[in-house]
1. What is the ratio of the Cα radius of gyration of the chain to 2.2 N^0.38 Å, where N is its residue count, to two decimals?
2. Taking Cα atoms, how many degrees apart are the long axis of helix 18-34 and the longest axis of the chain, rounded to 10 and kept between 0 and 90?
3. Count neighbours as other Cβ atoms within 10 Å of each site's Cβ, and list the chymotrypsin sites (Phe, Trp or Tyr not before Pro) in segment 7-94 that are DSSP loop with at most 14 such neighbours.
4. Would you please name the GluC sites (Glu not before Pro) within segment 21-94 that are DSSP coil residues with at most 15 other C-beta atoms within 10 Å of their C-beta?
5. Considering Cα pairs under 8 angstrom that are at least six residues apart, work out the relative contact order of the chain and quote it in whole percent.
6. Using the beta-carbon distance between ALA37 and MET1 and R0 = 25 Å, what value does 1/(1 + (r/R0)^6) give for FRET efficiency, to the nearest 0.05?
7. Going by a ≥ b ≥ c, the root eigenvalues of the Cα gyration tensor, does segment 1-43 fall in the rounded group (a/c under 1.5), the prolate group (a/b larger than b/c) or the oblate group?
Amino acid sequence: MIVRIMGEGQFDVADVEQDTLQKYDAEVEEAVESGDADHVHRALETLRQYIYDHAQPVSEDFLGGSDIVIPYPDAEIDDIRRLLTGEGFLPDPA
């Protein structure tokens with residue numbers, strides 16, 4: 001699965017610990033539901049940093065699209081909410 005972090009590029013999260021990735025994703029969704037902007041931005045930054053630190057960057061010449069888009073950590077809650085699918089940003093594993 002290819003994740004785009006706005007402003008930072010694309011990352012392949014296939015080899016990332018999926019339970020941890022889902023935990024951080026769920027935290028963002030919970031924070032958005034709470035409406036607490038500071039919590040949202042902290043949770044989004046944690047998710048972004050985890051992907052950045054553990055996923056494989058996709059080559060800049062890759063022509064494929066992204067499966068998931070994660071907004072800037074300082075994005076507005078309404079903008080973040082529009083990108084959420086009901087399962088967070090990432091689909092729950094089957």
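Read-outs: derived from the displayed coordinates by stated rules, not from any lab. Values in this document were obtained by computation on a predicted structure and should not be read as measured data. Counting neighbours? That spans all protein chains shown, and the Cβs are built from the backbone with ideal geometry, glycine included.
1. Cα-based Rg divided by the globular estimate yields 1.01.
2. Computed tilt is about 30 degrees.
3. Answer in residue order: PHE62.
4. Qualifying residues, ordered by number: GLU60, GLU76, GLU87.
5. 41
6. Details: r = 28 Å, r/R0 = 1.12.
Approximately 0.35, to the nearest 0.05.
7. oblate
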